[in-house]
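The values are calculated or read from the model by the stated rules, or taken from the named source; none is laboratory data. What you are looking at is a predicted structure, and each value in this text was computed from that prediction instead of being measured. So basically every Cβ, Gly included, is an ideal-geometry build from the backbone, and we count neighbours across all protein chains shown.
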Amino acid sequence: MTHPTLLAEALKHHFGFDTFKGNQEAIMQSLLDGNDTFVLMPTGGGKSLCFQLPSLLMEGTAIVISPLIALMKNQVDAMRNFSEEDDVAHFLNSSLNRAAIDKVKADVASGKTKLLYVAPESLTKEENIEFLKTVKISFYAVDEAHCISEWGHDFRPEYRRIRPIINEIGKRPVIALTATATLKLQHDIQKNLAMLDARVFKSSFNRENLYYEIRPKTPTVDRDIIKFIKNNEGKSGIIYCLSRKKVEELAEMLQVNNIKALPYHAGMDGQTRSENQDAFLHEKVDVIVATIAFGMG
C-alpha cells in the first residue's frame, strides 16, 4: 500500500496539484493495491489522472484503451508537458506510419514509456498482441468503458474483444472508467471485462460550474450563431453538425464573417484534420465546426 502522504507528494511533484478531487485518491490507491477498479465519474471530474499518476508510480507500462484518437493525442501531449520526457507517453493507432510505430515500440520496449494509449482496433492486431506479450505491463485502463456495452449509445464491437486479448497478452489489474453508466450498463461492462469483483467508485454528477441552455431553432439560425459568437468574443467553442456538407458550409460562412473557424469531419484527409485540431487546441482558431468525428475514430 502506498502511504497517503507519498501519493499526495507524487501528485504535487508530477502534476503540480496540491489536493485530490473527490474519489481520486481512493481510486488510485485501489489500483496501486492491485485491485480491478470501476470508476463512474462525470466528464471534467479528473478521470484521466486516476490512471496517469499510478502509471508513473508503478513498474512497467500502463496500457490505456481509448476509442478517441483526438483525446489520445491531447492526453499524450499533456503528459509530455508535465514530465518533459517525450517518451513517457505514446499512442498507437491508425494515424501513425510504420516509422512512427517502430519508434513507439522501441520506447515501450526500453521501459521508458509509462503510458501507452491504444485504439481498440490497434489492440486487436496480431502484431501488436505479440509485441505487448513481451512488455512488462503495470495495468490496463479501459477509458470510455460504456463503449463495451450494447446498452450504451456509443457501442463499439471491438471493445467486446478487450478481455480475451488481455487474457492472451497477460492478466494485470484493470481499471474501467466512464461518465455514462446506468446500473444495467455498469453490470454489462464489469461482466464483459470479467471484473464483477472490482472495487466500485461513483461520483456525483451534480456540476455547479456547468450551465445548460436550449433554444428553439429559428429560420435565421446562421445569423443567430454569428451573433452569439460575436457576443462571446475571446471564448472558444465547438459547433456540431449532422452532415459533412453542413460542416463545410457553416465553417465557410463563419470565416466570411471574420470568425476564426475551421471544419473537422471524417471526410477530410488526416493531415488537415490533425492541423485543424491542433490549431483549435493551441487557440489559433476560436471555433471548430464538426461532425461527431471530432473526438471519435
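Numerical summary
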{"read-out": "Subset of the stretch 180-195 [surrounded by 19 or more Cβ atoms within 10 Å (Cβ to Cβ) and in a loop (DSSP other than H, G, I, E, B)]", "value": "A181, L193, M195"}
{"read-out": "Pairs, first aromatic (F, W, Y) in the stretch 19-42, second assigned to a loop (DSSP other than H, G, I, E, B), C-beta under 9 Å, six or more apart", "value": "F20/G46; F38/A181; F38/L193; F38/M195; F38/A198"}
{"read-out": "Residue match in the stretch 105-119 (condition: among the hydroxyl-bearing types (S, T, Y), in contact with a Leu (Cβ under 8 Å, 6 or more places away or on another chain) and either at negative phi or part of a loop (DSSP other than H, G, I, E, B) (or both))", "value": "yes"}
{"read-out": "Residue within the stretch 197-204 that is assigned to a helix (DSSP H, G or I) and either loosely packed, with under 14 Cβ neighbours inside 10 Å or without any contact (Cβ under 8 Å) to a residue 12 or more places away in the chain (or both) present", "value": "no"}
{"read-out": "Subset of the stretch 15-44 [surrounded by fewer than 18 Cβ atoms within 10 Å (Cβ to Cβ) and aromatic (F, W, Y)]", "value": "F15, F17"}
{"read-out": "Residue match in the stretch 228-235 (condition: small (G, A, S) and not assigned by TED's automatic domain parsing to the domain that holds I69)", "value": "yes"}
{"read-out": "Meets criteria (at pLDDT below 95 and either surrounded by fewer than 20 Cβ atoms within 10 Å (Cβ to Cβ) or assigned to a strand (DSSP E or B) (or both)) for H146", "value": "no"}
{"read-out": "Any hit, the stretch 45-52, residues being assigned to a loop (DSSP other than H, G, I, E, B), assigned by TED's automatic domain parsing to the domain that holds R172, surrounded by 21 or more Cβ atoms within 10 Å (Cβ to Cβ) and modelled with pLDDT of 90 or more", "value": "yes"}
{"read-out": "Test for S138: is it assigned by TED's automatic domain parsing to the domain that holds S55, of a type in the set (S, T, N, Q), at pLDDT below 90 and not in a helix (DSSP H, G or I)", "value": "no"}
{"read-out": "Top-ranked residue of the stretch 96-117 - restricted to ones that are touching a residue at least 40 places away in the same chain (Cβ under 8 Å) and either within 14 Å of I65 (Cα to Cα) or buried (at least 17 other Cβ atoms within 10 Å of the Cβ) (or both), ranked as nearest to the chain's Cα centre (by Cα)", "value": "Y117"}
{"read-out": "Check on L196, out of contact with any Cys (no Cβ under 7 Å at 6 or more places or on another chain), of a type outside the set (D, E, K, R) and in the same structural domain as A145 (by TED's automatic domain parsing)", "value": "yes"}
{"read-out": "Residues being surrounded by 13 or more Cβ atoms within 10 Å (Cβ to Cβ) and in a helix (DSSP H, G or I) - total across the stretch 77-95", "value": "9"}
{"read-out": "Test: residue in the stretch 169-179 that is among the hydrophobic types (A, V, I, L, M, F, W, C), surrounded by 12 or more Cβ atoms within 10 Å (Cβ to Cβ) and either assigned to a helix (DSSP H, G or I) or not assigned by TED's automatic domain parsing to the domain that holds M41 (or both)", "value": "yes"}
{"read-out": "Lone qualifier among D222, D278, D286 - being charged (D, E, K, R) and under 20 Å from the mean Cα position of the chain (by Cα)", "value": "D278"}
{"read-out": "Pairs, first at negative phi in the stretch 153-170, second in a helix (DSSP H, G or I) and surrounded by fewer than 16 Cβ atoms within 10 Å (Cβ to Cβ), C-beta under 8 Å, six or more apart", "value": "E158/E121; I165/I129; E168/I129; I169/I129"}
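Residues checked against (1) in the same structural domain as G44 (by TED's automatic domain parsing); (2) surrounded by fewer than 17 Cβ atoms within 10 Å (Cβ to Cβ); (3) aromatic (F, W, Y); (4) more than 29 Å from G46 (Cβ to Cβ):
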position	(1), (2), (3), (4)
I129	yes, yes, no, yes
K133	yes, yes, no, yes
F155	yes, yes, yes, no
E158	yes, no, no, no
I165	yes, no, no, no
